[in-house]
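The values are calculated or read from the model by the stated rules, or taken from the named source; none is laboratory data. These figures come from a predicted structure and were not determined experimentally. Reconstructed Cβ throughout: ideal geometry from the backbone, glycine too, with neighbour counts over all protein chains shown. Note: accessible area is taken over every heavy atom of the protein model, side chains too, but ligands, DNA and RNA are not part of it. Shrake-Rupley method; radii C 1.70, N 1.55, O 1.52, S 1.80 Å.
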Amino acid sequence: MDPQMNDADVQWLLARMPFAGLDAAAFPKSVPLNGILKNDCRLHRFAPGQVIVREGDYANSAFLVLDGHAELITRPVAPEVLGRREVSKRSWPETLWGLLRPTGVEEARRPEDVTPGVEIQDRGAGHAGTADQASQPTLFLQDFAGLVRSGQTARLTPGEMFGEVAAMLRGPHGATVIAGDNAVLLEIRLQGLKMLQRDVEFAKRMEDHYRKHWLAIHLREIPLLRFVPESNLQTIVQHTELRSFGRLEWNADYSKARKLSPSEQIGSEPVVVAEGRHVTELIVVRSGFGRVCQNYGAAKRTTAYLGKGHVFGLDEITLSVVGEGGSVPLQHSLQAVGFLDTLHIPVEVFAREVLPHIRRDELPPTAKRAMELSIAKSSTTSRRERRNIKRAQDDKKLGLPIIADPSAHSKTWDTLPASTGTSFEPTGLLEFIVQNRFNNGRQAMIIDLHRCTRCDECVKACADVHDGNPRFARIGPRHERLQFVQACMHCTDPVCMIGCPTGALHRDEASGLVNISENICIGCGVCANGCPYNNIEMVEVRDRKGRPYLDEKTNRPITKSTKCDMCNSVPSGPACAAACPHDALVRIDLNESPPLEDWLRRRV
């Protein structure tokens with residue numbers, strides 16, 4: 001990870017906490033502790049005000065403060081402060097004028113869209129006492145001292161780690177962290193972080209930190225748990241297990257796996273839990289994707305896929321708890337599609353702490369019927385039950401706590417989307433979507449080939465909006481009458497964003513779109529190489545007269561990354577869909593099945 005890391009640096013690290021307290025014998029000879037520090041870590045020496053991580057950035061590494069301090073900004077930072085210049089919306093007159101009077105120059109840019117507008121410097125690699133070596137560019141935060149003086153930061157001192165949750169869950173950083181005086185930090189990429197957890201104490205320290213600060217927050221984000229009282233939630237936190245399956249770097253294997261047949265691909269995926277086993281826990285997807293499949297003769301058939309917030313085993317648990325047939329075995333298997341990070345809540349804890357607070361209309365149909373039957377049977381009250389009801393009424397008048405009714409909120413909350421997975425009919429479409437990882441797409445471009453006349457009006461409209469250079473080609477894999485076009489899908493798991501050194505590639509919080517701030521894009525190509533769908537291109541940018549912008553140091557043409565931006569600068573939205581004369585093209589979210597199913601149903 002760091003070519004400048006040498007044996008002396010490793011010995012320096014081994015003499016400092018927490019590495020001085022690790023048991024070297026816990027690591028195998030093939031992966032020794034000193035090898036992890038040498039190959040999976042990078043030393044950084046940051047100047048005051050230098051941005052270490054940005055809020056909203058996706059990353060695959062954590063940072064440990066070794067010397068000096070860093071400041072975590074506790075309030076949201078405006079995008080322009082971090083160098084991100086948001087695209088301004090054109091008015092209708094401006095849009096029409098641009099269509100009538102195009103520049104005639106491909107990839108024309110204004111000067112302010114090419115130059116950073118913020119201070120970008122090379123980030124040094126090396127600990128105190130060594131010369132800085134050129135590394136990746138980074139930004140300096142303006143008026144950093146003012147933020148510290150106004151109390152808008154929290155200090156991170158030696159021994160504290162940050163960014164590990166974002167790295168482990170493949171999610172965005174929740175805050176911006178800036179270097180303070182004499183800041184020396186160790187960057188540990190995810191592979192090294194996982195190997196360091198071979199030490200029991202180190203792994204326990206990381207898990208305890210996650211349980212204390214993050215697990216309750218992530219549990220509360222699960223729709224089924226939103227009515228659970230805080231005291232119950234703390235009990236769930238204590239008993240929940242954290243597990244992961246498959247490779248987090250799923251994009252590295254994607255090009256090979258997509259060439260396999262569905263049966264071969266299913267057979268190569270890690271099994272989380274197998275069909276036929278007695279249910280012992282509710283499985284909650286924390287990140288990644290899972291495949292729900294069922295034995296079908298000698299093969300397996302995919303019936304649904306799970307994403308963040310979805311649960312597995314709810315039907316069987318509910319039937320086992322409220323039914324009269326005892327424990328119900330699992331009717332499906334769950335497998336990791338690439339990578340799957342999960343939370344496991346034991347059945348006993350779920351039945352006691354969660355089930356009484358779930359709305360019946362959010363349960364699977366069979367479980368809902370079993371619950372209603374159980375309640376109907378219990379409604380035939382005996383004398384003892386009447387006395388209990390009278391006692392509960394008296395307690396309520398006295399202000400004493402009473403047991404929550406599971407349907408108490410049924411008239412005050414709208415039904416949420418199904419939490420037990422996404423399924424499509426027919427099954428062949430579901431297999432196709434999962435095999436090609438299109439379930440990752442939040443804005444997938446799909447063409448109905450039965451309606452499409454190949455007029456290319458969609459491509460022409462895209463070119464008109466983007467200076468004569470369309471952001472997609474009308475090509476892509478097909479399934480029966482549908483073509484999944486090769487265009488940026490603004491993914492749920494945006495692999496392209498990992499490793500962007502300046503944060504130019506980022507997700508807009510309001511729209512969820514993955515945008516590029518071209519003014520701080522340095523043309524390194526990390527995003528283009530990282531996109532598993534090949535939906536990002538590097539292009540040379542020019543001024544309005546067609547002259548290429550040149551780098552001052554190398555005198556070579558400046559390149560920028562480009563991709564579909566959903567036409568976020570024009571008021572009409574995606575020009576491709578608006579221009580289609582036959583209503584054959586749609587931009588759609590494949591994280592859930594209803595949008596695509598409804599669109600297909602209207603065409604049958």
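Summary table below
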item	result
GLY503 vs. criteria in a loop (DSSP other than H, G, I, E, B), over 16 Å from CYS531 (Cβ atoms) and open to solvent by less than 20 Å² (accessible area, probe 1.4 Å)	yes
Matching residues in region 477-500 - criterion: being surrounded by fewer than 21 Cβ atoms within 10 Å (Cβ to Cβ), under 24 Å from the mean Cα position of the chain (by Cα) and assigned to a loop (DSSP other than H, G, I, E, B)	THR492, GLY499
Residue, nearest to MET489 (Cα to Cα), within region 569-582, restricted to residues that are out of contact with any strand residue (DSSP E or B) (no Cβ under 7 Å at 6 or more places or on another chain) and in a loop (DSSP other than H, G, I, E, B)	GLY573
Boolean, ILE433 is at pLDDT 85 or above and closer than 22 Å to ASP565 by Cβ	no
Qualifying residue in region 546-561 (condition: open to solvent by 30 Å² or more (accessible area, probe 1.4 Å), closer than 26 Å to ASP508 by Cβ and hydrophobic (A, V, I, L, M, F, W, C))	yes
Residue that is most open to solvent (accessible area, probe 1.4 Å), among those in region 221-244 that are assigned to a loop (DSSP other than H, G, I, E, B) and under 30 Å from ARG205 (Cβ atoms)	GLU221
Filtered residue count, region 199-209, keeping only those that are surrounded by fewer than 16 Cβ atoms within 10 Å (Cβ to Cβ) and free of Cβ contacts under 8 Å to residues at least 60 places away in the same chain	5
In region 169-198, residue farthest from THR502 (Cα to Cα) [restricted to those that are part of a loop (DSSP other than H, G, I, E, B) and open to solvent by 70 Å² or more (accessible area, probe 1.4 Å)]	ARG198
Within region 427-468, tally of residues that are over 25 Å from PRO594 (Cα atoms), over 30 Å from the mean Cα position of the chain (by Cα) and surrounded by fewer than 21 Cβ atoms within 10 Å (Cβ to Cβ)	10
Scope region 471-513; condition touching a residue at least 40 places away in the same chain (Cβ under 8 Å) and aliphatic (A, V, I, L, M); matching residues	LEU482, VAL485, ALA487, MET489, VAL495, MET497, ILE498, ALA504, LEU505, LEU513
Tally, over region 294-311, of residues that are under 30 Å from ALA216 (Cα atoms) and either free of Cβ contacts under 8 Å to residues at least 24 places away in the same chain or open to solvent by 80 Å² or more (accessible area, probe 1.4 Å) (or both)	1
All positions within region 435-492 that are of a type in the set (D, E, K, R), closer than 30 Å to LEU100 by Cβ and touching a His at 6+ places or on another chain (Cβ under 8 Å)	ARG451
Test for LEU37: is it under 17 Å from PHE19 (Cα atoms) and either touching a strand residue (DSSP E or B) at 6+ places or on another chain (Cβ under 9 Å) or assigned to a loop (DSSP other than H, G, I, E, B) (or both)	yes
Qualifying residues in region 77-117 (those that are aliphatic (A, V, I, L, M) and under 28 Å from the mean Cα position of the chain (by Cα)) - the one surrounded by the fewest Cβ atoms within 10 Å (Cβ to Cβ)	ALA78
Residue that is open to solvent by less than 40 Å² (accessible area, probe 1.4 Å) and closer than 19 Å to PHE432 by Cβ, where the choices are VAL570, VAL586	VAL586
Residues of region 463-476 satisfying the condition of being in a loop (DSSP other than H, G, I, E, B), at negative phi and not polar (S, T, N, Q)	HIS466, PRO470, ARG471, PHE472, ARG474, ILE475
Looking only at region 245-254, and only at residues there that are outside any helix (DSSP H, G or I) and touching a helix residue (DSSP H, G or I) at 6+ places or on another chain (Cβ under 8 Å), the one that is surrounded by the most Cβ atoms within 10 Å (Cβ to Cβ)	LEU248
Those residues of region 46-76 which are closer than 8 Å to ALA183 by Cα, part of a loop (DSSP other than H, G, I, E, B) and either of a type in the set (A, V, I, L, M) or open to solvent by less than 10 Å² (accessible area, probe 1.4 Å) (or both), in sequence order	ALA47
